[in-house]
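Report on the following structure.
The values are calculated or read from the model by the stated rules, or taken from the named source; none is laboratory data. Note that this is a predicted model, so its numbers are computed, not measured. With ideal geometry, Cβ positions are generated from the backbone for all residues, glycine too; neighbour counts draw on all protein chains shown.
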Amino acid sequence: MRKLLFLISLLAVMAVATQKMNAQVSATAETTAKIVTGLQITKEADLNFGSMFSPKNGGGTVTVDVNNQRAATGVQLATVAGEAITAAQFKVIGQPNATFTITFPYSFNVTNTDGSGSTMLVDNFTYNNITSPSTLDGNGNLTIKVGATLHVYNYQAVGIYKNTTDLKITVAYN
């Protein structure tokens, strides 16, 4: 009887040891990554207020809008053959329909190139219905036009005024 009990116990242990255990289950997920076109911005046109006369009584402003139209208050405009009045223009290229942020300038000075240190303020920037964030079109393009106001001071020194670094538009994907 003892042997029989031992034999039955041994068979029961072997039966349990050979059964498949279902304590673990698993699932898998697909892993993906996408490399997109990098965001690029290039300048297509400079901001040019054109020629004007120095105010003798007070000062004034000259404004160029995004449609390359110029207007003045307190400043007499000069017309020079072949001189183009232009808003700045930038082209943004990237992933189609992607959203991105745009950083616009607040204000800066243009400085007389004659070395005198005479400056004029540029501010009140306007844009062609562009906001930040913005979205590229279905081809991955967007054109940004920038107009502004130039403050011309009383007895402004004669000369060419420039700033080659501060009309900077910065773009970044969201």
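Some observations on this one:
- Scanning the range 64-92 for residues that are outside any loop (DSSP other than H, G, I, E, B) and without any contact (Cβ under 8 Å) to a residue 60 or more places away in the chain gives ARG70, ALA71, ALA72, THR73, LEU77, THR86, GLN89, LYS91.
- Those residues of the range 46-104 which are buried (at least 17 other Cβ atoms within 10 Å of the Cβ), more than 30 Å from SER132 (Cβ to Cβ), modelled with pLDDT of 95 or more and not aliphatic (A, V, I, L, M), in sequence order: GLY60
- Single condition GLY117 does not satisfy, out of (1) part of a loop (DSSP other than H, G, I, E, B); (2) touching a residue at least 40 places away in the same chain (Cβ under 8 Å): (2)
- Selection from the range 137-151 of residues that are out of contact with any Pro (no Cβ under 6 Å at 6 or more places or on another chain) and surrounded by 14 or more Cβ atoms within 10 Å (Cβ to Cβ): LEU142, ILE144, LYS145, VAL146, GLY147, ALA148, THR149, LEU150, HIS151
- Residue list for the range 107-146, filter: among the acidic types (Asp, Glu) and within 21 Å of ASN68 (Cβ to Cβ): ASP123
- Single match in PRO105, PRO133 (criterion: under 14 Å from the mean Cα position of the chain (by Cα) and either among the acidic types (Asp, Glu) or farther than 16 Å from TYR173 by Cα (or both)): PRO105
- The set of residues in the range 147-174 that are free of Cβ contacts under 8 Å to residues at least 40 places away in the same chain and closer than 20 Å to ASP65 by Cα contains only THR164.
- The set of residues in the range 39-63 being under 21 Å from GLN89 (Cβ atoms), part of a loop (DSSP other than H, G, I, E, B) and either without any contact (Cβ under 8 Å) to a residue 60 or more places away in the chain or not aromatic (Phe, Trp, Tyr) (or both) consists of LEU39, ASP46, LEU47, GLY50, SER51.
- Verdict on THR111 being surrounded by 11 or more Cβ atoms within 10 Å (Cβ to Cβ) and among the hydroxyl-bearing types (Ser, Thr, Tyr): yes
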